[in-house]
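A.B. asks: Structure in structure tokens, see below.
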Amino acid sequence: MPVQAQTPSSTASLMPVAPRPETLFVRGEGAFLFDSEGRRYLDWVQGWAVNGLGHSPAPVVKALAEQAATLINPSPAFFNPRAIELADLLTAHSCFDHVFFASSGAEANEGAIKLARKWGQLHKQGAFEIITFADAFHGRTLATMSASGKPGWDRLFAPQVEGFPKARYNDIDSVRALVGERTVAVMLEPVLGEAGVFPASTAFMRALRALCDEAGLLLIVDEVQTGCGRTGPLFAYQRHGIEPDIMTLGKGLGGGVPLSALLAKRAVSCFAPGDQGGTYCGNPLACAAGKAVLETLLAPGFLEASQAVGERLAQELRALSAELGLGAVRGHGLLLALELGDLPSAQVVALARERGLLINGPRPNCLRFMPALNTTAEEIQLGLELLRQVLEAVRAEG
């Protein structure tokens, strides 16, 4: 039966900041979204890797309901139990000692930039430059856009925030060439998500750690997309056998609720009272959701099962690519990409949506897949069948 929902008569009141289809989603359940006409869609976007446990997962719903009836926001000027509990979980399962909670990945990355610059003022004679990478994506604030290497962003909202020279990803010599007296840190995504899911190699991550140690620099990992089980382990840096100095989280941390985190080792956690803050930082409602997410991810066997499903999806995508004469499959865990050759991703995405599959095209000939971490083998098979039909149809249309 169609879901009963009051359909707005117009979208004219919303700023047109993104091209959106006419589809109106009114309900989500696990791997699926439902529109106002009652149609079901298998969601392999999941809010751009936000809904790690799928739509409206029971642990998050329960935590939100209980917390909303108890305490929503006492102000960040006071402690609350949920923020303490979530911070303790994060530090207990990572190499970090301190946590600051915010609401978005961009806000967490902005905090990481500020923290690195404050550390540079205290320990590096005012050094402030942070080496970032071509094609990287760190957010949409002025500073995080400047830190990003997304083509064309250097001309938006000029002038940029200075201090972000760009190196080439997986090229340690290009990083070394940019190190100077003003350099304070190197910042990178362990996987370039918006660029089309390009993972950093273990050799590169270890070389970065060695270079930072040699030059007295901080290593910052932006795990807004890769953190919280998305690439297999709890955090992507853990697969490389290194320890960063600073890490940022977002997206999957809140399971759909606006929540992000800035984590730092004690030796570099140099904010003084007043240096950092935010009206909603560490509010118990969002932290209750984050605690429910993290406890679910840390349950025995959860991450292993998720990684096994991701490996199956990658294997099936490679087989499909070979059969249809497409391109490479990249990524780890349940953050994967498929190169389409000469097929246009926009056309594939649009036809897939018509047939009940939601996927993302980050580049003109590339698809990105971000299913829920607890998706089932049956759901993966359904998605692959739909994807095959779509790809064959687009190819037949020429």
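Read the figures in this text as sums done on the coordinates, not as results from a lab. Quick caveat: nothing in here was measured; it's all calculated off a predicted structure. Using ideal geometry, Cβ is built from the backbone for each residue, glycine included, and neighbour counts are taken over all protein chains shown.
A.B. asks: Can we say THR132 is free of Cβ contacts under 8 Å to residues at least 60 places away in the same chain and either of a type in the set (Ser, Thr, Tyr) or assigned to a strand (DSSP E or B) (or both)? Don't jump to the end; show me each part of the working.
C.D. replies: Details: free of Cβ contacts under 8 Å to residues at least 60 places away in the same chain: yes; either of a type in the set (Ser, Thr, Tyr) or assigned to a strand (DSSP E or B) (or both): yes.
So THR132 passes the test.
A.B. asks: Right, something else. Quick test of your reading of the structure: LYS150 fulfils all but one of (1) in contact (Cβ under 8 Å) with a residue 40 or more places away in the chain; (2) closer than 30 Å to GLN46 by Cα; (3) assigned to a helix (DSSP H, G or I). Name the failing condition by number.
C.D. replies: Unmet for LYS150, out of (1) in contact (Cβ under 8 Å) with a residue 40 or more places away in the chain; (2) closer than 30 Å to GLN46 by Cα; (3) assigned to a helix (DSSP H, G or I): (3).
A.B. asks: Shifting gears a bit: Restricting the search to region 282-291, which residues are outside any helix (DSSP H, G or I) and in contact with a helix residue (DSSP H, G or I) (Cβ under 7 Å, 6 or more places away or on another chain)? Reasoning before the result, please.
C.D. replies: First pass over region 282-291, keeping only residues outside any helix (DSSP H, G or I): 282-283.
Scanning region 282-291 gives a single hit, GLY282.
A.B. asks: Now, a different point. Within region 62-84, can one find any residue that is touching a strand residue (DSSP E or B) at 6+ places or on another chain (Cβ under 8 Å), surrounded by 14 or more Cβ atoms within 10 Å (Cβ to Cβ) and not acidic (Asp, Glu)?
C.D. replies: Initially, region 62-84 is screened for residues touching a strand residue (DSSP E or B) at 6+ places or on another chain (Cβ under 8 Å), giving 83.
If we keep only those that are surrounded by 14 or more Cβ atoms within 10 Å (Cβ to Cβ) as well, we get 83.
Applying the additional criterion that residues be not acidic (Asp, Glu) yields 83.
Looking through region 62-84, at least one residue is touching a strand residue (DSSP E or B) at 6+ places or on another chain (Cβ under 8 Å), surrounded by 14 or more Cβ atoms within 10 Å (Cβ to Cβ) and not acidic (Asp, Glu).
A.B. asks: Mind checking which strands (runs of 3 or more DSSP E) fall wholly inside region 21-86 and carry at least 1 residues that are in contact (Cβ under 8 Å) with a residue 60 or more places away in the chain and touching a His at 6+ places or on another chain (Cβ under 9 Å)?
C.D. replies: Details: elements: 25-29, 32-35, 40-43.
Fully inside region 21-86 and qualifying: 32-35, 40-43.
A.B. asks: Output the residues belonging to region 380-398 that are touching a residue at least 60 places away in the same chain (Cβ under 8 Å) and charged (D, E, K, R).
C.D. replies: Within region 380-398, ARG388, GLU392, ARG395 meet the criteria.
A.B. asks: If you don't mind, another one. Could you identify the single residue in GLY252, GLY256 that is part of a loop (DSSP other than H, G, I, E, B) and farther than 19 Å from PRO81 by Cβ? Walk me through how you get there before you give the answer.
C.D. replies: Working: GLY252 fails: part of a loop (DSSP other than H, G, I, E, B).
Just a single option satisfies the conditions, and that option is GLY256.
A.B. asks: Kindly indicate the residue of region 92-142 that is under 13 Å from SER269 (Cα atoms) and in contact with a Ser or Thr (Cβ under 7 Å, 6 or more places away or on another chain) and also surrounded by the most Cβ atoms within 10 Å (Cβ to Cβ) among those meeting that condition.
C.D. replies: So, considering only residues that are under 13 Å from SER269 (Cα atoms) and in contact with a Ser or Thr (Cβ under 7 Å, 6 or more places away or on another chain), the one surrounded by the most Cβ atoms within 10 Å (Cβ to Cβ) is ALA112.
A.B. asks: Just to be sure before I move on: is ALA158 in a loop (DSSP other than H, G, I, E, B), of a type in the set (A, V, I, L, M) and without any contact (Cβ under 8 Å) to a residue 12 or more places away in the chain in the structure I sent?
C.D. replies: yes
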